[in-house]
Amino acid sequence: MKDSIPSKENGLPLTAQKFCIEVPHFSDFANKRLGGALFGLFVLSVLVGDALAGPDQKQGILATVWKWMPLMFQGFLLNLLVSVLSMTIGTAAGAFLGLAQVSLFSPVRKGAWCLFFSRLLLSPLNFE
């Protein structure tokens, strides 16, 4: 019973604290300005790469990114479209399967359960 007393540090019982890993908060990194320094280093590397581009190179980094920006934006929109469509189709199929599983018509109910378990067992457990 003694182990279930909450600690004053984080409010978790002592048994739960044994398995907790201390993860630094984002504010710890923000206070050290690590994010700003990394962003500044990135901008500096892009500008240096652009400045070191020789006359034999057609475009610098920024000009190349600007040139390909419409295509990257179209890819982003396609990614959003595929995500929305997959969620919509999955929700509709799940609703149909759920309603079929509680059907009063026995063949529909058995077929829905058969489809559910066959998809569950035929799906890979992990992707490599």
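Of note:
- Applying the Karplus relation 6.51 cos²θ - 1.76 cosθ + 1.60 with θ = phi - 60° to region 82-99 yields 3J(HN,Hα) values of 5, 5, 5, 5, 5, 5, 5, 5, x, 5, 5, 5, x, 5, 4, 5, x, 5 Hz, where x marks Gly and Pro.
- Pairwise label distance in nanometres, SER86 with MET69, each label 7 Å out on the Cα-Cβ vector: 2.9
- Taking 0.36 nm per residue of separation and subtracting the Cα-Cα distance, full extension of the segment from LYS58 to VAL43 would add 3.3 nm.
- Simple spin-label estimate for LEU120 and PHE96 gives 2.0 nm between the two label positions (7 Å along the Cα-to-Cβ direction from each Cα).
- When THR88, THR64 are sorted by how many other C-beta atoms sit within 10 angstrom of their C-beta, beginning with the fewest, the order is THR88, THR64.
Read-outs throughout are calculated quantities, based only on the coordinates presented, and are distinct from any laboratory measurement. Keep in mind it's a predicted model, so treat the numbers as computed, not measured. When we count neighbours, we look across all protein chains shown, and the Cβ atoms used for this are built from the backbone with ideal geometry, even at glycine.
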